[in-house]
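The structure that follows is given in the form of C-alpha cells.
All of the numbers you see were taken from the coordinates with simple rules; none came from a lab. Remember, predicted model here, so these are calculated numbers, not experimental data. Every residue, glycine as well, gets a Cβ built from its backbone with ideal geometry; the counts of neighbours run over all protein chains shown.
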Amino acid sequence: MPEIQPTTAEGGLTQATIVKKAAAKSDYKPADVSPQRRVQRSFAVRLWSVRHSRLLEWFYARFADMFLLLHPLWKGIGYGRVEGPIKFVEKRVKGFMFDCRMCGQCVLSSTGMSCPMNCPKQLRNGPCGGVRANGNCEVEPDMPCVWVKAWEGSQNMVHGDKILDVQKPVDQSLRETSAWLRVTAQTAAARESTQAAKTGAPT
Ligand code: SF4
C-alpha cells in the first residue's frame, strides 16, 4: 500500500496529485493525451469562444429565433425525423467551438460560453475547491478551469448574471440528443399554451 502524503500548501500538493502518486504503476500510458483525449488546439478554440462570449450570445439569440421560426417545418417533417441530421451538425459545430459533449441540456448561455461538461468532475454549478493558483484545473493541470473561464465569459455578456442561476443535475438520459431541437420545441409549446390561455382555446 503506497504511503499517502498529507496536502500541504507549501508543497503545492493537490488531492489529484496525491491520488496520482498513490495510483498503482502500470505499463499502459495513453500517448500524449489527457484522460478525456483533449488536445491543446481545442483549448484554443474553446478559449476564443469565451473571449467572444458577447458576440456568440448575440448570434445564439438570432439563431434560436430562426430555429423557432422553423418550428412548423420541424413539426411538419417530424422532430424525430429531423433529429439525426440536426444532431450531426450540432455535434460538429458545438464540438469545434466549445468542445461540446452533447449533454443535450445546453447551458452555454448561462456559463459564459464555457461548456461545464469539460470539467473532469462535470460540475454544473461552479468550480470545486481545487482550482490551482494559476486558474487551471486540479485534475488536468494544463487545462484552464472551465468555471474560471465561465466567470470571465459571463462578465462580457448582456445576460451574464444567468451564471448565478442554479442548474439542475445532468440528466444522463438526454445525452447525445439535440439541445437545439429540445429548446425550440419547448419554447414553441410554451408560446402556444400562452396564446391558448389568452384566447381560451384548449391546448
Ligand atoms: S452544455 Fe451540454 S450541449 Fe451545451 S456545449 Fe456543453 S455538452 Fe454541449
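Quick one: if you stick a label point 7 Å off each Cα along the C-beta vector at Phe96 and Val166, how many nm between them?
About 3.9 nm, to one decimal.
Moving on. Take the Cβ-Cβ distance between Leu47 and Thr194 as r, set R0 to 45 Å, and report the resulting FRET efficiency rounded to the nearest 0.05.
Calculated transfer efficiency: 0.70.
Can you give the extra length, in nm with one decimal, that the chain gains between Val183 and Tyr79 once fully stretched, where that is 0.36 nm per residue apart less the Cα-Cα distance?
Values: separation 104, 0.36 × 104 = 37.44 nm, distance 1.20 nm.
The span from Val183 to Tyr79 would gain 36.2 nm if fully extended.
Quick one: of Lys91/Lys162; Lys29/Lys121; Lys25/Lys121; Lys21/Lys94; Lys25/Lys149; Lys25/Lys168, which pairs are farther than 31 Å apart, Cα to Cα?
Lys21/Lys94; Lys25/Lys149; Lys25/Lys168
Pop out the ³J(HN,Hα) list for the range 117-125 in order, Karplus 6.51 cos²θ - 1.76 cosθ + 1.60 with θ = phi - 60°, rounded to Hz; leave Gly and Pro as x.
Computed from phi, the couplings for the range 117-125 are 6, 7, 5, x, 9, 6, 6, 10, 9 Hz.
I've got another one for you. Quick one: what are the phi-derived ³J(HN,Hα) couplings along the range 98-106, Karplus 6.51/-1.76/1.60 with θ = phi - 60°, whole Hz, x for glycine and proline?
Per residue, the Karplus-derived 3J(HN,Hα) values read 10, 6, 4, 9, 6, 6, x, 9, 5 Hz.
Which order do the peptides 132-141, 98-107 take when ranked by the mean count of other beta-carbon atoms within 10 Å per residue, highest first? Intermediate values should be presented prior to the final figure.
Numbers: 132-141: 15.5, 98-107: 19.6.
The peptides rank, most packed first, as 98-107, 132-141.
Mind ordering 77-87, 115-125 by average Cβ neighbours within 10 Å, highest first?
Values: 77-87: 13.0, 115-125: 18.5.
Per-residue mean Cβ counts within 10 Å order the peptides as 115-125, 77-87.
List the lysines whose alpha-carbon lies under 24 Å from that of Lys198, not counting same-chain residues fewer than 8 positions away?
Result set, ordered by chain and number: Lys75.
Between Leu174 and Ala24, what's the calculated FRET efficiency when r is the beta-carbon distance and R0 is 35 Å? Round to 0.05. Kindly include the intermediate steps, with their values, before the conclusion.
Working: r = 35 Å, r/R0 = 1.01.
Efficiency, from the Cβ-Cβ distance: 0.50.
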